[in-house]
Amino acid sequence: MILVKGYAAQNAKSPLAPFNFQRREPGPTDVQIDILYCGVCHSDLHQIRDEWGGSIFPMVPGHEIVGKVSKVGSEVKNFKIGDMVGVGCLVDSCRSCSNCKADLEQFCEVHSVATYNSLEMDRKTPTYGGYSNQIVVDEKFTLKVSDKLKLEGVAPLLCAGITTYSPLRHWKVGKGHKVAVVGLGGLGHMAVKFAASFGAEVTVLSTTASKEKDAKKLGAHHFVVTKDEGQIKKVKESFDFILNTISAQHDYNFFLNLLRVNGTMVLVGVPPEAVPVRAFSLIGGRRSLAGSLIGGLKETQEMLDYCATHNITSEIEIIPIKEIENAYVRMVKGDVRYRFVIDMATL
Ligand code: NAP
Ligand code: ZN
Ligand code: ZN
């Protein structure tokens, strides 16, 4: 076994604290990685606080991992010691069901193994995430990272990046589309970069007026403060596509009414509570309400390659791991510009 240092929550109420644990020695197809940076996703906080239910403790969060390969198993083909690599939200799946075969491992019909707060395929061994100094992952779930991009800015691509890239691609967002991104946080700011890069006309819908300048710098063409009735009136029934990244409970009907005929709103934000949807919000304009969950391994690699070609990374604030609780407080306030990334050298 490998001895690993990390930070863990012992229960839904305790703050994160240093935690030593063990990982498996790399098997024939495994890659061992020295973790250099790990992004801080709002899902980390939802799960540490057990807001979605079913959390497994102790919990070492973190699924926006970048680092350097330190060891490879005897059958590993695609990686060698010293390579820069990434690990996202998934570390295993059955690999043989129809969804796995279609490169949609996140929807594995048997069991998709999340990077933390999950059990391995044996359904016994808990998984521990990237707020730690080393991880061991099968090469199929390890991603290649370009050395052209700043590594710390790449980390958030492993979740915030793929979670926004995937629905924009699936719904074929591009030139001629009016797109709204709701919530300018970790996911939202990546959605703006991708949607603008794909050629769409992008509007940010935000509760925070002071984010306007940043939104435009990220590539947005318009900015609407959602509390301002006058501004909202002007964008009623105007969008072809809305990507909703809000992490807290809110009224979906409010945003559905901003879609034009045949428009679609995709939920990627996961507020813990159920929210009522009025039939009138949908039938009036033959609108669709949909959802999307991260992305498969093939598409994640495609996204990373797209980012390398187009020089896209996340806007980040580097923090030492001791600052993590304070980072969560700021995250809940919507005060993240636009992703916290932990420097694992501070562990
Ligand atoms: P984040 O950085 O905290 O951003 C969320 C943004 O939502 C905030 O910056 C804020 O933007 C807005 N917001 C927050 N509370 C709000 C409220 N009460 N009313 C209206 N707007 C509010 O979080 P994130 O890391 O981007 O994650 C966003 C959500 O996506 C989380 O629920 C997370 O669990 C989920 N997620 C889902 C997937 C998936 O696969 N579907 C993957 C990753 C994360 P403004 O200041 O601009 O209003
Ligand atoms: Zn995430
Ligand atoms: Zn499967």
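The values are calculated or read from the model by the stated rules, or taken from the named source; none is laboratory data. In this text the structure is predicted, and so the values were computed from the model without any measurement. Quick reminder, even Gly has a Cβ in these numbers, built from the backbone with ideal geometry, and neighbours come from all protein chains shown. To get the accessible areas, we keep the full protein, side chains included, count just its heavy atoms, and leave off ligands, DNA and RNA. Shrake-Rupley method; radii C 1.70, N 1.55, O 1.52, S 1.80 Å.
Take the conditions under 25 Å from residue 190 (Cβ atoms), within 16 Å of ligand 3 (Cβ to nearest atom) and either in contact (Cβ under 8 Å) with a residue 24 or more places away in the chain or within 20 Å of the chain's Cα centre (by Cα) (or both) and apply them to residue 47. Does it pass? Considered against the rule, which asks whether it is under 25 Å from residue 190 (Cβ atoms), within 16 Å of ligand 3 (Cβ to nearest atom) and either in contact (Cβ under 8 Å) with a residue 24 or more places away in the chain or within 20 Å of the chain's Cα centre (by Cα) (or both), residue 47 comes out as no. The residues in region 249-299 that are assigned to a strand (DSSP E or B), within 18 Å of residue 182 (Cα to Cα) and over 25 Å from the mean Cα position of the chain (by Cα) can be counted, and the count is 1. Can you tell me which residue is nearest to residue 245 (Cα to Cα) among those in region 332-347 that are among the aliphatic types (A, V, I, L, M) and part of a strand (DSSP E or B)? The residue in question is 341. Taken together, the criteria exclude residue 39 from residues that are more than 16 Å from ligand 3 (Cβ to nearest atom), over 27 Å from residue 333 (Cβ atoms), in the same structural domain as residue 328 (by TED's automatic domain parsing) and open to solvent by less than 30 Å² (accessible area, probe 1.4 Å). Inspection of region 12-33 finds no residue satisfying the criterion of being among the charged types (D, E, K, R), within 16 Å of ligand 3 (Cβ to nearest atom) and in the same structural domain as residue 340 (by TED's automatic domain parsing). When we screen 333, 298 for residues that are exposed (fewer than 15 other Cβ atoms within 10 Å of the Cβ) and modelled with pLDDT of 95 or more, the only hit is 298. Screening residue 311 with (1) open to solvent by 10 Å² or more (accessible area, probe 1.4 Å); (2) within 15 Å of the chain's Cα centre (by Cα) gives one miss only, at (2).
Test residue 282 against the stated conditions and say whether it is in contact with a strand residue (DSSP E or B) (Cβ under 7 Å, 6 or more places away or on another chain) and either open to solvent by 20 Å² or more (accessible area, probe 1.4 Å) or farther than 26 Å from residue 43 by Cβ (or both). The answer is yes for residue 282. Scanning region 170-204 for residues that are outside any helix (DSSP H, G or I) and within 16 Å of ligand 2 (Cβ to nearest atom) yields 183, 185.
Could we say that residue 314 is more than 16 Å from ligand 3 (Cβ to nearest atom), in a helix (DSSP H, G or I) and on the phi < 0 side of the Ramachandran plot here? No: the conditions fail for residue 314. Determine, yes or no, whether residue 119 is out of contact with any Pro (no Cβ under 9 Å at 6 or more places or on another chain), open to solvent by 10 Å² or more (accessible area, probe 1.4 Å) and touching a residue at least 60 places away in the same chain (Cβ under 8 Å). In short, no. Residues in region 1-28 that are touching a helix residue (DSSP H, G or I) at 6+ places or on another chain (Cβ under 6 Å) and not in a loop (DSSP other than H, G, I, E, B): 7, 9. Residues that are among the small types (Gly, Ala, Ser) and within 15 Å of ligand 1 (Cβ to nearest atom) were ranked within region 94-114; the one that is farthest from the chain's Cα centre (by Cα) is 112. Take the residues in region 224-247 that are within 18 Å of residue 334 (Cβ to Cβ) and within 23 Å of the chain's Cα centre (by Cα); name whichever of them is surrounded by the most Cβ atoms within 10 Å (Cβ to Cβ). It comes out as 243.
Among the residues of this structure, residue 130 counts as one that is within 16 Å of ligand 2 (Cβ to nearest atom), assigned to a loop (DSSP other than H, G, I, E, B) and under 14 Å from the mean Cα position of the chain (by Cα). Among the residues making up region 174-193, those that are surrounded by fewer than 24 Cβ atoms within 10 Å (Cβ to Cβ) and closer than 10 Å to residue 241 by Cα are 177, 178.
No other residue among 60, 40, 76 is more than 16 Å from residue 347 (Cβ to Cβ), of a type in the set (A, V, I, L, M) and at pLDDT 95 or above apart from 76. Could you grab me the full set of residues in region 122-172 that are aromatic (Phe, Trp, Tyr), open to solvent by less than 40 Å² (accessible area, probe 1.4 Å) and over 19 Å from residue 70 (Cβ atoms)? Correct list: 165 only.
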